[in-house]
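Trainee: Take this structure, written in structure tokens, and hold onto it; I'll ask about it next.
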Amino acid sequence: MVGALIQVALALYLATVLAFKVKGGSFFKGAMFFPYLINGIAIGFIFKFFYTRGYVLDSVLQWCGFSLDNLPYWLRDQKVNNWSLVASSVWRYLGQTMILFIGAIMSIDGSLYEAAEIDGANKWQQFKHIILPGIQTILVLNIILSITGSLSAFEAPYVITSGANGTGTFFVQMDKIAHSDQKVGLASAMAVVLLVIIMICALIQKVVMNYLFRDADDGTAKARKHAQKVEKARKKALRNQNKVAVGAAPLFRNGPSAKAETAVES
């Protein structure tokens, strides 16, 4: 779950940078989104060889001056093996999360940034008071997707480590219980428990986000309230005008006023 929060934070930072005009921005967007298009099993095999002792990662670190004897076993050492799996997951899903953030940021009205610059707001203040409130819905969505994805991770830990050395996720253990131990009922109960856990996490996350953004407003809500108030005042003035017009008109055509008009005409 910590990896999910790291993924969202890193994606939000990159999206904030790439949403505006940056040299080579299109290339970086495509390069970061490409891993999401690769099959999860293929990514598992890629990182299995990437982390294997003496292979890609160890070779690169040796080129940087590290000794092989001082490097940990990335998939066997329980101090680092889960972080190795987190890194592979972040590498795969970072682009998807970032693209969603970029779409939300680009939908914000550019005049808000111009007004903020005129008022002397720096980049951090623009991010805090314009971007964050404007992408609140997408931020909540990405956090929910990242947390539920981390709770239901299966492909990477199953292919890379087969759940050994403390890397077995909930889904990996459930698969082992259902297929290896032939305890289908217990595995089904675990699936229901996982569903409840995900719902609780989503509810807690929603409450926390509503509390954090309780005072946030991108101007839309205030503009809507102001428009409703103006419309109500206009309708009230129109009703009063109609009442005055109706009160000034004669109620009975053949009443005293009608006789007075006849006498004047004669």
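The values are calculated or read from the model by the stated rules, or taken from the named source; none is laboratory data. Keep in mind it's a predicted model, so treat the numbers as computed, not measured. Cβ: placed from backbone, ideal geometry, glycine included. Neighbour counts: every protein chain shown. Quick note on the areas: whole protein, heavy atoms, side chains included, nothing else; ligands and nucleic acids left out. Shrake-Rupley method; radii C 1.70, N 1.55, O 1.52, S 1.80 Å.
Trainee: Any chance the stretch 7-28 includes a residue that's of a type in the set (D, E, K, R), open to solvent by 20 Å² or more (accessible area, probe 1.4 Å) and either within 17 Å of Leu141 (Cα to Cα) or under 19 Å from the mean Cα position of the chain (by Cα) (or both)?
Mentor: So far as the stretch 7-28 goes, no, none of its residues is of a type in the set (D, E, K, R), open to solvent by 20 Å² or more (accessible area, probe 1.4 Å) and either within 17 Å of Leu141 (Cα to Cα) or under 19 Å from the mean Cα position of the chain (by Cα) (or both).
Trainee: How many residues, within the stretch 51-104, are open to solvent by 40 Å² or more (accessible area, probe 1.4 Å), over 21 Å from Val8 (Cα atoms) and part of a helix (DSSP H, G or I)?
Mentor: Residues in the stretch 51-104 being open to solvent by 40 Å² or more (accessible area, probe 1.4 Å), over 21 Å from Val8 (Cα atoms) and part of a helix (DSSP H, G or I): 7 in total.
Trainee: Return the only residue of Val207, Val172, Val159 being open to solvent by 70 Å² or more (accessible area, probe 1.4 Å) and either modelled with pLDDT of 75 or more or assigned to a helix (DSSP H, G or I) (or both).
Mentor: Val207
Trainee: In the stretch 31-50, which residue that is among the β-branched types (Val, Ile, Thr) and surrounded by 13 or more Cβ atoms within 10 Å (Cβ to Cβ) is farthest from Ser152 (Cα to Cα)?
Mentor: Ranking the candidates gives Ile46 first.
Trainee: Looking at the stretch 1-26, which of the residues that are assigned to a helix (DSSP H, G or I) and not aliphatic (A, V, I, L, M) is modelled with the lowest pLDDT?
Mentor: Gly3
Trainee: Going through Ala116, Ala202, Ala189, Ala153 one at a time, which residue ends up being without any contact (Cβ under 8 Å) to a residue 40 or more places away in the chain and either open to solvent by 60 Å² or more (accessible area, probe 1.4 Å) or under 28 Å from Leu14 (Cα atoms) (or both)?
Mentor: Ala116
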